[in-house]
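The values are calculated or read from the model by the stated rules, or taken from the named source; none is laboratory data. Treat the numbers as computed from the prediction; the structure is a model and nothing was measured. Here the Cβ positions follow ideal geometry from the backbone for every residue, glycine too, while neighbour counts run over all protein chains shown. Protein only, heavy atoms only, side chains kept; ligands, DNA and RNA dropped before computing areas. Shrake-Rupley method; radii C 1.70, N 1.55, O 1.52, S 1.80 Å.
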Amino acid sequence: MPTEHGYHIPVMLDAVLEDLCVRPDGVYLDGTAGGGGHSYAIAARLTEGGRLFSMDQDPDAIAEASARLAGLPVTMIHANFATLGDVLAAHHTKADGILLDLGVSSHELDEASRGFSYHKDAPLDMRMSQQGQTAADLVNQLSPQALTEILYKYGEEKYARSIVAQIVAAREQNPIETTLELAELVKKGVPAKARRDKNPCKKTFQAIRIAVNDELNVLNIALDAAFDSLKPGGRLAVLTFHSLEARIVKVKFKEFCSGCECPPQFPVCVCGKTPRGRLVHHKPVVADAAELERNPRSRSAELRTIEKI
């Protein structure tokens, strides 16, 4: 299927650009380059000495984005966005705007060999960085208790125990090596009604992907690094795609915006804490009808943006 900007149609692009308030002489960082869609739109606006740092831990994404962004004022960085503070510090700068798009890239989903999709048969991989332990390693080696906890915690999967029972029984016979092998075991582990309503694999595949890539811990680290790396008046925009990461961003932004923590009975503040940021929107921005028609993958997206005081 043809898409904009190479690998994917960038999610909620207009809303992201509006929130980042891109200036032609500003310094920006895209922590999730993907196919380069958001990065291209930001960099194209940098006409007066501005600079974009575009990062991704996926070497495929770096290759695609590098080709897409050739000739623009962009520095490509092959690294996890948890290190973005170090990247900016190494270049002796802070950012006017930072974007974190937490969605799995269209390339990672559409390229069967990456092992993210439960619709296509491929080795059970799911590594965004293409390094370290694979999904197959987790599925075949973790204890039943640890696997169940992953499905509950990261997938909010209410049938976690019965799904894991199917996995454990199968792996005792032969290692589980492919995406469709795992998908069939998930289907066996849920009631027939759940199989009829919709594909029941989404939560399990999400949970294992999050565990493989340590996504939620990395997000917490990245949010602190990103906010600390903003200039006063700079903005951090984050696109989330499921409730777990949305909750982390919401709580972290609330922390950045909170002031005095003294007990209410204190007549005056003694802690001295003042808000460090302000929310650009009090509620997350979601895709409108035109966006949904153009890009169905924006359906679950929520955009939250904070400005550093």
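Table for the structure above
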read-out: Degrees separating the helix 160-171 axis from the principal Cα axis of the chain, which is the longest one; value: 60 degrees
read-out: Heavy-atom accessible area per residue - the chain, 1.4 Å, Å²; value: 48 Å²
read-out: Debye, to nearest 20: dipole size of the stretch 26-172, +1 on Lys, Arg Cβ, -1 on Asp, Glu Cβ; value: 180 debye
read-out: On Cα atoms only, tilt of 144-155 relative to the major axis of the chain in degrees; value: 40 degrees
read-out: Choice from 282, 38, 242 with maximal GNM fluctuation in the chain (Cα, 10 Å cutoff); value: 282
read-out: Apportionment of accessible area to carbon and sulfur, the chain, percent (1.4 Å); value: 52 percent
read-out: Inter-part distance where the stretch 77-98 and the stretch 139-187 are each reduced to a Cα centre, Å; value: 37 Å
read-out: Per-q log10 I(q)/I(0), the chain, q = 0.13 Å⁻¹ (Debye; single scatterer per alpha-carbon; no solvent); value: -0.95
read-out: Dipole in debye (nearest 20) - the stretch 191-286, about Cα centre, beta carbon charges: Lys, Arg +1; Asp, Glu -1; value: 600 debye
read-out: Antiparallel content of DSSP bridges confined to the chain, in %, to 5; value: 40 percent
read-out: Over the chain: helical MRE at 222 nm, DSSP H runs n ≥ 4 each giving -39500 (n - 2.57), nearest 500; value: -12000 deg cm²/dmol
read-out: Dipole axis of the chain (+1 Lys, Arg; -1 Asp, Glu on Cβ), positive-most option in 20, 199, 234; value: 199
